[in-house]
């Protein structure tokens, strides 16, 4: 009794406390500042009851608002019970600016409760987040209210950087674009793009992934690298780089809250089981000012063709001894660092004693090889002239010229018998060119054999024998088809098979009967006649032989339009046979002959009429 | 099954052994034509091209023809300076031995020496694959090909009767082959029609007129060796169409049917 009283008292106190709770309706944002593409939550919380339907949230231009679900909470603190329901909405900023969301209204027990509008400031992500060069360490991503420092609250941002901001024409510049991500899934990441006026761009290198610590926070970083080549002097701006991708955000589902406040929704273990939302976003970096300088006039070599970098040159000559007209291969290999695309064929000093051809060029990794074919015109050619190659080194900001040679060669006269010109078009592939030969043109000589003679103007298709030859196989096919069909029917249809066999069997039976008649052996005669007729009719109408009687056959033939005379003959033959088989008196010769004739007529009739 | 085997054997015997002579009038007497041909060759080798042509013509007058005969005749005409008749006989030789390499070479060479080329009209028969196909076989070869495929269809139909479980695939194959026979028949028809109407200009230069009378206005020129198609005949005149589609009237003596 006492226990009941205590429980009643507690219940009363709770009820009173509950009743005493004031109802109110509040709106709040997960954070008041956000960047474009970074979603956040809007919470509409009603305190004092959990029986509140989802309030309407009017759409706001520049934001996408999506209802997530309700979350209820009940707390008992110092005997006081507080109950609330929170309706959650996901807000995705689509553009920058300041947005007012709300006010919001909720209905409870006939009364309307109002929550004031909330203000969200959305900034362009790069203006606040991106940095060039080695990025200053950002603050660790936080989930609380945003702070003014860069990166605060940003869990994804894009940076762009170049290895130098002052370059010479043709000098390569390495552009590095990085995507920093902290705890957000990304998918469908596209290659970044950016304006690069004044530069030509090479293909992107294979993207790299690594982890990087920025201001104490660990980020997953996706790195894109690309070589740019300065092509025109002047001041330019690279970027901003933009990158499109899809952000994968965990859904926050509408499970009920725990009794004691701490929500399990934040727990990764549970969250990971409730799917994801995917939002397309576009990240943008800052711009990078960059200057392209012209080549200095001072000290520019005359053979300078625009090569920029730090190079070396190796030259070889093969073979060192040749006949006039034989080719000599001059191999010039340029190696080093820099823009190999700007490297042109080294200059060969006077080549009057040699005939030259367009050099073959191959590029392998960090080297460029030129193979120049030289053909000595006279045996006075004693050496391959000097080869020179000039380039501009942007590190030292000076021109440099590499000179190699001259290279001695021994040229000898060609024996008279070998007056051909030998030319090498490709390394290792030799071709012989003989003095131009005069090729005659005429018709080919006549044929010696007359070949297969045939009548003029006669063709195969005009021959009737040919068409007969075509017709015969077709005729065979038709005959075969009909025969095959018939055989198939005989095989499948027993009645049809019996029908076909009936006349032959009847003829055999009648022949046997006739032989008995010839011997005046009447009992077996009548027996044979009866069996023959019975078998014939059984086969003819597909009936069991034992069931064939005069009456059965009459019942079958009369409706089919059989002649009365035949029916009478049939009955007579059956009765005469019955009499001869079972009675003591057997009808004699004349009657037997007459019976046989009647049976023949019956069978002939049935074969002709085909009833 | 045994019956089917016997039937197939009979059919194969009949089709393989079916007498299908080119002329249908028995084997020609080969001695005279061969001697005439050999005499023509002797004259040719002595550069007596006129006499060689006469000997070759004698073979034709006997009622026989052959690819080498036309080929040699064309050569003799070419050497005698009659380009039009040379090309004419090369065309005739192509109808009998279209894949002969010497013939193709000589024909091309003769064509390159001809004057006055025109850009041919486009049409289904100028479509390269079809043109190559029809030009690579004689009419008799195409007829044999159709006949062979027809026999194949008959065999497939036998199989379809004997194996009803496979009849759908077999009949589909037979239909495809039948479509090919139809296509081949159209090619044969075109080739035969071409033989009736195709002609070559044998006059060194012939004016095609707007009408079949001498006072008609000149329309275009036919050069020696130029191909034409005969559309109509009237008295001493042929109404011809040039490869570029121009139609005019020329004297019969200026062109000769292939």
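The values are calculated or read from the model by the stated rules, or taken from the named source; none is laboratory data. Given the structure is predicted, the values throughout are model-derived calculations rather than measurements. Every residue, glycine among them, receives a Cβ derived from its backbone with ideal geometry; neighbour counts consider all protein chains shown.
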- line: Just one listed residue, out of A:498, A:504, is surrounded by fewer than 14 Cβ atoms within 10 Å (Cβ to Cβ), assigned to a helix (DSSP H, G or I) and away from chain B (no Cβ under 14 Å), and it is A:504
message: Suppose the filter is within 15 Å of residue A:36 (Cβ to Cβ) and surrounded by 19 or more Cβ atoms within 10 Å (Cβ to Cβ); does residue A:99 pass it?
response: yes
field: Residue, surrounded by the most Cβ atoms within 10 Å (Cβ to Cβ), within the range B:95-126, restricted to residues that are away from chain A (no Cβ under 14 Å) and part of a helix (DSSP H, G or I)
entry: B:125
For residue A:341: the one exception among (1) more than 16 Å from residue A:400 (Cβ to Cβ); (2) assigned to a loop (DSSP other than H, G, I, E, B); (3) under 44 Å from the mean Cα position of the chain (by Cα): (2)
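Quick grid of which residues meet (1) under 60 Å from the mean Cα position of the chain (by Cα); (2) in the same structural domain as residue A:504 (by TED's automatic domain parsing); (3) surrounded by 20 or more Cβ atoms within 10 Å (Cβ to Cβ); (4) farther than 18 Å from residue A:506 by Cβ:
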position	(1), (2), (3), (4)
A:529	no, yes, yes, no
A:533	no, yes, yes, no
A:536	no, yes, yes, no
A:545	no, yes, no, no
A:553	no, yes, yes, no
A:560	no, yes, no, yes
A:581	no, yes, no, yes
A:586	no, yes, no, yes
A:592	no, yes, yes, no
- prompt: In the range B:54-84, which residues are more than 9 Å from chain A (Cβ to nearest Cβ), assigned to a helix (DSSP H, G or I) and surrounded by fewer than 21 Cβ atoms within 10 Å (Cβ to Cβ)?
  reply: B:54, B:57, B:58, B:61
query: Picking from B:167, B:147, which residue would you name as being in a helix (DSSP H, G or I) and either in contact with a strand residue (DSSP E or B) (Cβ under 8 Å, 6 or more places away or on another chain) or within 23 Å of residue A:455 (Cβ to Cβ) (or both)?
result: B:147
task: Find the residue count for the range A:273-302, including only residues that are surrounded by fewer than 15 Cβ atoms within 10 Å (Cβ to Cβ) and part of a loop (DSSP other than H, G, I, E, B).
output: 10
task: Mind listing whichever residues of the range A:442-494 are in contact with a helix residue (DSSP H, G or I) (Cβ under 8 Å, 6 or more places away or on another chain), closer than 30 Å to residue B:44 by Cα and more than 7 Å from every other protein chain (Cβ to nearest Cβ)?
output: A:442, A:445
statement: Restricting attention to the range A:68-91, the residues that are within 30 Å of residue A:284 (Cβ to Cβ) and at pLDDT below 80 number exactly 1
query: Is it true that residue B:33 is within 8 Å of another protein chain (Cβ to nearest Cβ), part of a loop (DSSP other than H, G, I, E, B), touching a strand residue (DSSP E or B) at 6+ places or on another chain (Cβ under 7 Å) and modelled with pLDDT under 95?
result: no
message: Need a quick list: strands (runs of 3 or more DSSP E) entirely within the range B:187-258 having at least 1 residues that are under 23 Å from residue B:131 (Cα atoms), touching a residue at least 12 places away in the same chain (Cβ under 8 Å) and in contact with a strand residue (DSSP E or B) (Cβ under 6 Å, 6 or more places away or on another chain).
response: B:198-201, B:227-234, B:237-242, B:247-251, B:255-257
